[in-house]
Amino acid sequence: MKWTSIFAIYFLFWVMTAFVMLPFGVRTHEEMGVARTPGQADSAPANFRPGRLAIRATVIAAALTALYVLNYTQGWIGVEVLDVTRWFG
């Protein structure tokens, strides 16, 4: 597998992981007891930390990419395992 393919797969895993992790650990101003800015939405996060989110997404995406590349090279799960026609056909 080329390194460009591995990078593309890593990037896809990173974006997917970052979007999945967005709602976790975020608290609103009301939950934290902090005053809101006038005109701010009630659901706006008070403790959003994009740096921490990026670090977590980087680590998880690296692990998922490593598992994907290992599966690609070792052939643990292939098309024959995922053939659903044998279950329903």
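Summary table
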read-out	value
Estimated translational D of the chain in µm²/s (Stokes, Kirkwood radius over Cα pairs; 4 °C; 1.567 mPa s)	80 µm²/s
Karplus 3J(HN,Hα) series, Hz, for segment 22-35 with 6.51 cos²θ - 1.76 cosθ + 1.60 (x for Gly, Pro)	3, x, 7, x, 9, 10, 7, 5, 5, 5, 8, x, 10, 5
Taking the chain and dividing mean pair separation by its residue count, relative contact order in percent (alpha carbons under 8 Å, at least six apart)	36 percent
Under Karplus coefficients 6.51, -1.76 and 1.60, residue-wise ³J(HN,Hα) of segment 71-80 in Hz, glycine/proline x	5, 5, 7, 8, x, 5, 10, x, 5, 5
Amide H within-cut-off set for Thr28, under 5 Å, with H built and near neighbours excluded	Ala46
Unit charges on C-beta of K, R, D, E only; dipole of the chain, Debye	260 debye
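Values quoted throughout were computed directly from the atomic coordinates according to the rules given, and no laboratory measurement underlies them. Please read these numbers as outputs of a predicted model, since none were measured by experiment. A quick note on method: Cβ atoms are made from the backbone with ideal geometry, for glycine too, and the neighbour counts reach across all protein chains shown.
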